[in-house]
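Read-outs throughout are calculated quantities, based only on the coordinates presented, and are distinct from any laboratory measurement. Please read all numbers here as calculations on a predicted model, not as lab measurements.
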Amino acid sequence: MWKDWFVAPARDYLFVALSFIGIYASIVVLTRLTGLRSFSKMSAPDFAMTVAVGSLFAGSISNASPPLPLAAFALLCLFVGQWGFAALRRQSRRASDWIDNSPVLLMDGSHFLEANMEATNITRADIVAKLREANVLRLDQVRAVVFETTGDISVLHASSSESDLDSELLDGVRRNGS
């Protein structure tokens, strides 16, 4: 039993190495053809793409199923699907609204927006940690805190209390949590 954990036939090592080369090369070629957007995390489809490619990559190099050509075809399908979603989002505002999450305002100036925090399952401690990460020294430096569509939290702040926030930076940001 212990031997099965620590010893594998030489052909299995060869299989993993060849699968790695084939799938890795497929990912590089497909990324070059479709662009780096395939691995951005700007929308839900982008995130799903990154997770799916990673899962397929790991599964296909460590297992005989799916066979290498089928795994490469699955990658092709993922990249074509990602490209299609990106094109649809560019061409249709309605599709973009349906596919993408909206960013949500978590702090308006120094005021925590409790309803928005509750709607997004973000705690005050989560926000305070991001404020520290952004080197905010006082709450009156905060202009806005936004929960982005990627799941990241952006902190907009200034050292001078007289610095105004350009309203264009909050275009499309939901101000209420619903």
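Take every DSSP beta bridge whose two residues both sit in the chain; close to 90 percent of them are antiparallel. What percent do you get for the relative contact order of the range 2-98 when only Cα pairs under 8 Å and 6+ apart count? The value is 30 percent. Pick from F57, F15, F47: which is most flexible by mean-square fluctuation in a GNM of the chain where alpha carbon atoms under 10 Å apart are linked? Highest fluctuation of the listed residues: F15.
Checking (i) 2, 9, 18, 23, 21, 15, 8, 3, 1, 0, 0; (ii) 1, 8, 15, 19, 18, 13, 9, 7, 6, 3, 1, 0, 0; (iii) 1, 7, 13, 13, 12, 10, 10, 10, 8, 7, 4, 3, 1, 0 against the coordinates, the calculated P(r) over Cα pairs in 5 Å bins from 0, in percent falls under label (iii).
Estimated from helices alone, the mean residue ellipticity of the chain at 222 nm is -17500 deg cm²/dmol (sum of -39500 (n - 2.57) over DSSP H runs with n ≥ 4, per residue). Normalising the average separation of contacting C-alpha pairs (under 8 angstrom, six or more residues apart) by the number of residues puts the relative contact order of the range 77-178 at 32 percent.
Hydrophobic, long helices, defined as DSSP H runs whose alpha-carbon span along the helix axis is 15 Å or greater and whose mean Kyte-Doolittle value is at least 0.5, occur in the chain at 10-34, 44-62, 68-91. With the cut-off at 1.5 for a/c, could you classify the range 104-170 from its C-alpha gyration tensor as rounded, prolate or oblate? Taking the square roots of the gyration eigenvalues as a ≥ b ≥ c, the range 104-170 is prolate.
Equivalent ellipsoid of the range 2-98: semi-axes from √(5λ) of the C-alpha gyration tensor, largest first, are 33, 13, 10 Å.
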